[in-house]
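Presented below is the structure to which this report refers.
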Amino acid sequence: MPSPLAERIADAIAQVEPLAQQGWEPAISILRQLRWCLAFVRGEPVEPAPGPFSMGLIATREFDMHGHEPELARLVNAIQREVERGL
């Protein structure tokens, strides 16, 4: 059974993926980090984290400050915090 965190990550992926498919670089970066987080939370093999997460900062800037999706920004930030606690 999927964990609540895995479900939240999958929800965020579903919201960000269409933007990434349009070639929008901030969404591509967030999507890459969310996919890593999902694999990590599921216990799937993952490469070491490539560095500090930046998806929360990007989401805040692009979805909240300059966009119209503050809920998505909050979701991405919450995911980042939870995954970082598990590292």
Restricting the first residue to region 10-21 and requiring it to be more than 15 Å from GLY67 (Cα to Cα), which pairs with a second residue that is basic (Lys, Arg) and at pLDDT 95 or above meet a Cβ separation below 7 Å and a spacing of at least six or different chains? ILE13/ARG35
Could you grab me the full set of residues in region 58-87 that are assigned to a loop (DSSP other than H, G, I, E, B) and closer than 18 Å to VAL41 by Cβ? LEU87
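Quick one: would you say ALA39 is modelled with pLDDT under 95, more than 14 Å from VAL16 (Cβ to Cβ) and either touching a helix residue (DSSP H, G or I) at 6+ places or on another chain (Cβ under 9 Å) or of a type in the set (Gly, Ala, Ser) (or both)?
Taking the combined requirement at face value, the residue does not satisfy it.
Residues in region 38-54: is at least one crowded, with 20+ Cβ neighbours inside 10 Å, part of a helix (DSSP H, G or I) and touching an Asp or Glu at 6+ places or on another chain (Cβ under 9 Å)?
Looking through region 38-54, at least one residue is crowded, with 20+ Cβ neighbours inside 10 Å, part of a helix (DSSP H, G or I) and touching an Asp or Glu at 6+ places or on another chain (Cβ under 9 Å).
The values are calculated or read from the model by the stated rules, or taken from the named source; none is laboratory data. Computed from a predicted structure; not experimentally measured. So basically every Cβ, Gly included, is an ideal-geometry build from the backbone, and we count neighbours across all protein chains shown.
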